[in-house]
Amino acid sequence: MKLTSPTRFGAVALTGVLALTLAACSSTSSAEPGESTGTAGGGSATELSGSLAGAGASSQEKAVAGWIAGFNDTYPDVAVSYDAAGSGGGREQFLAGGVQFAGSDAALKPEELTKATERCFGGEALELPLYISPIAVVYNLKGVDAEHLQLSAATIAKIFNRDITSWDDPAIAAENPDVTLPSTAIIPVNRNDESGTTENFTEYLAAASDGAWPHEASGDWPLSGGQSGKGTQGMIDTVSGADGAIGYADASRAGDLGTVALKVGDEYVPFSAEAAAKVVDASPAAADATDKRLVVELDRTTTEKGAYPLVLVSYSIACSTYDSESDANNVKAYLSYVASPEGQERAADPSVAGSAPISDDLRTKVQAAIDAITVAS
């Protein structure tokens with residue numbers, strides 16, 4: 001199988017800045033006073049306080065809302081906020097020291113890893129794959145009530161490269177023989193901000209379309225003009241507002257839009273958390289991964305039965321070293337909750353984000369990296 005280059009990615013629905021303040025009087029702690037919680041200083045839940053700021057991938061927004069709510073149950077005195085500024089914006093804020101953690105659908109680039117050493121007070125960045133979700137190819141097409149349209153990577157690539165311009169094109173019709181397709185013009189919609197979702201989507205097209213996608217994988221859309229939306233919500237709003245529109249977004253945000261079943265081998269596979277997890281479990285670590293940078297190299301060309309290769313692995317990015325004991329303790333406790341079975345199951349709830357929980361083996365590696373978080377001497 002051909003492996004692509006390392007994939008560069010990170011309970012209420014919110015847009016813009018997600019800010020949840022954790023109030024002590026309204027939560028129920030699962031840790032008794034004085035009970036050890038495994039924080040950097042060995043303190044208890046009642047000893048954790050202060051603020052914890054994060055920023056980044058909008059794909060994680062619903063999951064982060066759920067995680068903050070669950071974290072609130074044990075750590076009522078920590079005020080957590082998350083600015084869903086997009087993967088690029090989150091990495092930028094993190095490296096500038098504006099936030100203690102980031103969410104990113106793309107791994108840190110080499111030049112960003114260099115900056116992370118200074119930002120992390122001589123330590124290094126942690127990249128933890130804690131949000132796994134399929135990316136849905138979503139469409140708005142009146143008069144078509146099929147549960148899923150069936151499309152190969154090559155056909156999707158030609159649609160987004162504007163080589164196929166009508167929904168009744170012979171290439172689409174050949175893959176959907178039982179569907180009456182209208183002659184409606186196709187309106188491809190892309191993200192207009194730097195996006196890890198875009199990078200994952202274009203990486204899939206470049207790897208799996210047999211040359212139909214002539215562009216390199218990138219977090220910035222390679223074509224000018226056309227319809228676009230900012231962030232995940234902007235993408236969904238733009239597709240929802242135009243008959244004939246087609247776009248791509250974290251599957252948790254697909255809502256009532258039509259979704260595509262991807263051709264994998266000789267079958268067509270609709271998205272699901274289980275189908276996405278199959279691809280991640282079958283994919284190796286990236287060549288430059290470490291015990292703290294758990295970057296995954298996804299196999300976009302898999303033909304494994306029931307696998308859905310258009311998957312997003314979004315990373316939680318943090319420092320191995322902080323200059324403040326409060327920051328180290330709070331980040332360590334928050335990420336430990338996110339990685340826990342409880343945290344992963346909360347995000348997997350369809351009413352929250354419908355993501356795929358990480359495996360027990362991956363959780364062990366993630367927790368070891370989190371446990372290494374320390375305070376600069």
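Report the rotationally averaged projected area of the range 64-163 based on its alpha-carbon convex hull, in square nanometres. Numbers along the way, then the final one.
Values: hull surface 42.6 nm².
In nm², the orientation-averaged hull projection of the range 64-163 is 10.7.
Taking 25 Å as R0, compute the FRET efficiency from the Cβ-Cβ separation of A287 and D220 and round it to 0.05. Let's see the in-between values first.
On the way: r = 24 Å, r/R0 = 0.97.
Calculated transfer efficiency: 0.55.
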From a point 7 Å beyond the Cα of S359 in the direction of its Cβ, which residues of the range 321-342 have a backbone N at a distance under 18 Å? 339-341
So what's the Cα pair-distance distribution over the range 135-277, bin width 5 Å, in %? 2, 10, 21, 26, 23, 14, 4, 0
Quick one: how many lysine pairs in the chain have C-alpha atoms under 19 angstrom apart, if they're 8 or more apart or on different chains? 14
Assuming R0 = 51 Å, what is the FRET efficiency of A96 and S166, from their Cβ-Cβ distance, to the nearest 0.05? 0.65
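Can you give the helix-only mean residue ellipticity at 222 nm for the chain, where every DSSP H stretch with n ≥ 4 adds -39500 (n - 2.57) and the sum goes over all residues, rounded to the nearest 500 deg cm²/dmol? Write down the numbers at each step before the final one.
Values: 11 runs with 115 residues, N = 377.
It comes out at -9000 deg cm²/dmol, rounded to the nearest 500.
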Which value in nm describes the separation of the simple spin-label points at E47 and D323, placed 7 Å from the Cα toward the beta carbon? 2.4 nm
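Tally the DSSP beta bridges in the range 135-277 and give the antiparallel ones as a percent, rounded to 5. Walk me through the numbers on the way to the answer.
Details: 12 of 21 bridges.
Counting DSSP beta bridges with both partners in the range 135-277, the antiparallel share is about 55 percent.
R0 = 25 Å: FRET efficiency of A376 with D73, Cβ-based, nearest 0.05?
On the way: r = 30 Å, r/R0 = 1.21.
Working from the Cβ atoms, E equals 0.25.
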Check D83: other-chain or 5+ apart residues with amide H under 5 Å from its amide H, H built from backbone geometry? L18, G54, A55, G56
Could you state the number of Å between the C-alpha centres of the range 316-370 and the range 132-190? 37 Å
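Laboratory data are not the source of any read-out in this text; all were calculated from the coordinates shown. The structure presented is a predicted model; accordingly, all values stated were derived computationally and were not measured. Reconstructed Cβ throughout: ideal geometry from the backbone, glycine too, with neighbour counts over all protein chains shown.
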